[in-house]
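Before any comments, here is the structure.
Rule-based calculations on the coordinates, nothing more; no lab input. As the structure is a computational prediction, the values presented were derived from the model and not from experiment. For neighbour counting, all protein chains shown are included, and Cβ atoms are generated from backbone atoms with ideal geometry for every residue, glycine included.
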Amino acid sequence: MAQVLSLHDAVAEHVRDGDTIAMEGFTHLIPFAAGHEIIRQKRKRLTLIRMTPDLIYDQMIGMGCAEKLVFSWGGNPGVGSTHRIRDAIENGWPNALAIEEHSHAGMANAYEAGAANLPFAAFRGYIGVDLPKVNPRIKSITCPYTGEFLATVPAIRPDVGIVHALRADRDGNVLLEGITGCQKEVVLAAKRSIVTVEEIVDDLRTTSYNSIVLPHWTITAIACVPGGAHPSYAQGYYKRDNSFYIAWDKISRERDSFLAWMKDNVLDKDASAFAVHAKKQA
Amino acid sequence: MAQVLSLHDAVAEHVRDGDTIAMEGFTHLIPFAAGHEIIRQKRKRLTLIRMTPDLIYDQMIGMGCAEKLVFSWGGNPGVGSTHRIRDAIENGWPNALAIEEHSHAGMANAYEAGAANLPFAAFRGYIGVDLPKVNPRIKSITCPYTGEFLATVPAIRPDVGIVHALRADRDGNVLLEGITGCQKEVVLAAKRSIVTVEEIVDDLRTTSYNSIVLPHWTITAIACVPGGAHPSYAQGYYKRDNSFYIAWDKISRERDSFLAWMKDNVLDKDASAFAVHAKKQA
Amino acid sequence: MSASFTPNEMMTIAAARALKSTDVCFVGIGAPSAACNLARLTHAPGVTLIYESGTIATKPNVLPLSIGDGELCETALTTVSVPEMFRYWLQGGRITIGFIGGAQIDRFANINTTVVGDYHKPKVRLPGGGGAPEIATNCGEIFITMAMGKRAFVDRLPFITSMGHGPTGVERQKLGVRSQGPTKLITDLCVLEPDAATNEMTVVSIHPGVTREAIQENCGWPIRFSAHVVETPAPTEEELRVLRDIQERTRRAHAA
Amino acid sequence: MSASFTPNEMMTIAAARALKSTDVCFVGIGAPSAACNLARLTHAPGVTLIYESGTIATKPNVLPLSIGDGELCETALTTVSVPEMFRYWLQGGRITIGFIGGAQIDRFANINTTVVGDYHKPKVRLPGGGGAPEIATNCGEIFITMAMGKRAFVDRLPFITSMGHGPTGVERQKLGVRSQGPTKLITDLCVLEPDAATNEMTVVSIHPGVTREAIQENCGWPIRFSAHVVETPAPTEEELRVLRDIQERTRRAHAA
């Protein structure tokens, strides 16, 4: 029963202070426009969940939206650190940030369990490593058949799941394609979901009987934001802006340059600013 | 590292008396040619696993290949009973048949766990029903976070997994499309796997980045058997022969008519007999 | 609206009427499938039909003989694997209505499709549960459609394949199951709903021309009638036309 | 073969040589990714490269900056979801080689990429484990590639992010892990393999022009040399040409 809203209204209506929010997209289709909108609407005390809290959470955490981060790999991929996240963890700027740390396998299984309406996931993981010593949510269970020990993680069931997708049809059915990460899982696991898309079309243009489609009745709100994944990418629409990821290292290294960039590119803009990145590839 | 073999050689080499075998295909892509070859090669004492042991297992069980059946729904879909399976269970003809019975959810989860190399699966199932009273392999587990009870089933890890697929490329990569049931899972869960295909081609002709492909290094043997799913169907190649499913009710009702049909259509034939059904749809 | 119709047609049409355009319905094969598609082709064009073969939002032009006919896949929004269907979609709590049939049913809408006689020495071996055990507890509510008869509507089930309201009507809640369970049982003679106090399935609507005696004669327990029984509206000409059309298309397709 | 080359080039080339055409390799980003693609473009054209983003049998024309660049998907045999990647493919036991890097390593090839200093009051917060904790135990064997240096090759890790052979070299077996763990550690100065008796990583091959003293100076523990140390063959002209070509293509693509 997806409602088509402006991104402003989707965030205003469905993202609340103190919510637990998962914004997914594994390199591909990261919902940057939604992140910027949450920053503009000054949401606070969020628990932010994401396997790879790269630039999008660096920006949100640097702007003070979050009190807790749940993650499995935090960095600017191929470039270096996420300086704002480090500044929050190491120095409490702009506010203290609690962390809950997992492995990729742990989080992927936790999303999968959430989508499957299970309370936990069991998997072959965390063997001989220190993370379970610092994360009490990692437990274990005994197989009732073989007696083996398996690691467990609680299912992720966020208040809001936010993803970017390629396109929606007029009924609100949404197509994902390419590297889809945990995006289907996060929408199915969440109590409410917001999906930004490159375009809303008459025909979804699936190419396979098995195309990855989220039916309209799994989605709370859809917002059409062309270019909304930049500097991430949308397969078949525009490429990853690797040069921006490299440039971010310098922008984000100091608090002043970060804040200046955020003012110019986020606070003083709206979602339409992403349209310039949306040029469809041939 | 799939080897391309004749169906005769694939079965001769990889299916042994006493093996546990899962032949999957949910209505679509049922590996009938492989079933007929196993009958011709007179394999005995097999444990046969299949969610819906319809005509293919009716034939194999009626010909005395099996000593045990693991299943979740046994019938001729939309038509009626599988008379040979009933005759084996109720009257021990041609030999006694032990059964291990699950629900679809139980078996789907067990295949999924097998593909994921887990020893068991936990799921929300079997609540308030009698099946756990007659199947001791259904157990339960307590969630380490919520204290909820969940049903469990042991993972399915067959000696041999057998499926039919649309096509393979020259490297041995295999494409599935349409209703894919548990076919990917059974190949990944099995110690050895045999995949029959409609054709072997230079270009797999996937239509999506996310097409369902089994890489060659997941498959033991590939046999090209055009029409090999008949009277089941192969999406884009030929339709389900619903009239044969209806006709089977009469053929299989009596032992004599069944044996006569098997002699004419299976024992006196070879895999090339399926080619007549392989006419590709426009 | 005096067109003649069979009890079976009345059953299918009454069942179809139970569905709304906003429902997401997990469809069993046979009578449920006919009813669900009739609903889609008449008053509930938006209804989402899901078959356990993995086909989501399918719109078949002919009724499938099996739960996995190609027609279901070709007309679906998308098709997922069977493990995903049972994990993400059914267990995931995405289904509002599970629409099933059965071989035997009791007064609390528990169903047997497994065995008549002793499980280990069966008198009649039935097909088994398939998807039903988990459909029964993981869907928002359950609609059941079955033709009445003393061998089908029995006082005591030899085997509970899928739970309705439990052997005494209270077990569903006792076991902590939060879904509603069977809220409608649509037969060829009448429609039943659970009594608000006891959960016993109670006749709330009688099909045109059917007597209370006929209903009791076809039921293995002393059947209860609601204080406010109504007459089921007879099939409209359009309902009959659409149902007969799809059944005729289906007959021709399956004979081919 | 007297072409000049950098220590980093030697490391990547030595790492590439460890892969065979029949390997199914889970590829970490950075140095492993360069080595794996160099192998594919030279002596191991059949090698299957898998990235944790879900891309299976990918053949990128430029090296990805991130583990999920579009190039990886566009050139892959197929792309699966991340939960499926970790469940069916990594945990499923389908991967013969896990090829990873790290920030810090000890003599038993345990790796830290989580934190320097106390976990709760970090001196330096590193990116975390990502896929490594489960890659380390679920792949048939592990190749590691890291440049040497005293801050990277440390006597005692502040945090074990992924297990090599365990803190004293025996924990992997004690914990019942049946995969082999780190069988090769390829650095910019030499190649190490676990000692057959103790599992301590031991120098088995020294890169051309590198001294034992230089290796020891760049290692935080008293490093052991095998009784049969050989000299790593220098990069061939073809290896250098192919490596430099792909790096140049990559540089141009990422600057665009």
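So the values come out like this:
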item: Sequence-separation-based contact order of segment A:104-154, relative, with Cα cut under 8 Å and 6+ spacing, percent; result: 39
item: A:S81 long-range amide H proximity, modeled H, under 5 Å; result: A:N76
item: Inter-copy spacing of D:T236 label points, which lie 7 Å from Cα along Cα→Cβ, given in nm from shortest upward; result: 7.9
item: For segment D:98-162: rounded, prolate or oblate by the Cα gyration tensor [a/c cutoff 1.5]; result: oblate
item: Max mean-square fluctuation residue, GNM over chain D, Cα-Cα springs under 10 Å, options D:E84, D:E200, D:E141; result: D:E84
item: Electrostatic dipole magnitude of the protein assembly as shown [Cβ: Lys, Arg +1; Asp, Glu -1; Cα centre; debye, to 20]; result: 1080
item: Only Lys, Arg (+1) and Asp, Glu (-1) charged, at Cβ; chain D dipole about Cα centre in debye; result: 400
item: Length-normalised contact order of chain B in % [C-alpha pairs under 8 Å, at least 6 apart]; result: 23
item: Dipole in debye (nearest 20) - segment D:146-256, about Cα centre, beta carbon charges: Lys, Arg +1; Asp, Glu -1; result: 460
item: Calculated FRET efficiency for the pair A:M1/C:S226, C-beta based, R₀ 30 Å, to 0.05; result: 0.40
item: Positive-end residue of C:Q104, C:A147, C:I186, charge dipole of segment C:7-255 with Cβ unit charges; result: C:Q104
item: Model label zone, C:N8; criterion: amide N under 17 Å from point 7 Å along Cα-to-beta-carbon; scope segment C:220-256; result: C:240-255
item: At R0 = 22 Å, FRET efficiency that the Cβ-Cβ distance of D:K20 and D:R249 yields, to 0.05; result: 0.35
item: Under Karplus coefficients 6.51, -1.76 and 1.60, residue-wise ³J(HN,Hα) of segment C:217-234 in Hz, glycine/proline x; result: 4, 9, 10, x, 10, x, 7, 9, 10, 5, 5, 10, 5, 10, 8, 4, x, 4
item: Cα-based reach from A:K269 at 17 Å (exclusive), listing aspartates and glutamates while leaving out same-chain residues under 8 positions away; result: A:D9, A:E37
item: Helical contribution to [θ] at 222 nm, DSSP H n ≥ 4, -39,500 (n - 2.57), averaged over chain B, rounded to 500; result: -7500 deg cm²/dmol
item: Most mobile of C:N37, C:N218, C:N110 in a GNM of chain C (Cα contacts under 10 Å); result: C:N218
item: 20 Å Cα-Cα reach of A:K139 towards lysines, excluding residues that sit fewer than 8 places from it in its own chain; result: D:K174
item: Per-residue HN-Hα couplings for segment B:26-40 [Karplus 6.51, -1.76, 1.60; θ = phi - 60°; Hz; x = Gly/Pro]; result: 8, 6, 8, 6, 6, x, 5, 4, 5, x, 5, 5, 5, 4, 4
item: Calculated FRET efficiency for the pair B:Y145/C:Q180, C-beta based, R₀ 35 Å, to 0.05; result: 0.85
item: Relative contact order (%) - chain C, alpha-carbon pairs under 8 angstrom, separation at least six; result: 20
item: Overall form of segment B:104-154 per C-alpha gyration tensor (a/c, 1.5; a/b vs b/c); result: oblate
item: Sequence-distant aspartates and glutamates (8 or more away, or on other chains) whose Cα lies within less than 16 Å of A:K44; result: A:E13, A:D17, A:D19, A:D58, A:E67, A:D159
item: Highest-MSF residue in chain C out of C:A39, C:A227, C:A132 [GNM, Cα springs under 10 Å]; result: C:A227
item: Amide proton proximity set for A:T20, modelled H, under 5 Å, gap of 5+; result: A:T47, A:D159, A:V160
item: Inter-copy label distances at D:T198 (7 Å, Cα→Cβ; nm, one decimal); result: 8.1
item: Residues whose placed amide H lies under 5 Å from that of B:S140, excluding near-sequence neighbours; result: B:T152
item: Sorted largest first, extent of segment D:7-255 alpha carbons per principal axis (Å); result: 46, 41, 34
item: Three-way shape label, chain A, alpha-carbon gyration tensor, a/c 1.5; result: oblate
item: Identity and axial distance of the chain D residue whose Cβ lies nearest the axis relating D to C, Å; result: D:E84, 5
item: Restraint check, B:K239/C:K59; A:K42/A:K279; A:K133/B:K191, Cα-Cα greater than 27 Å; result: A:K42/A:K279; A:K133/B:K191
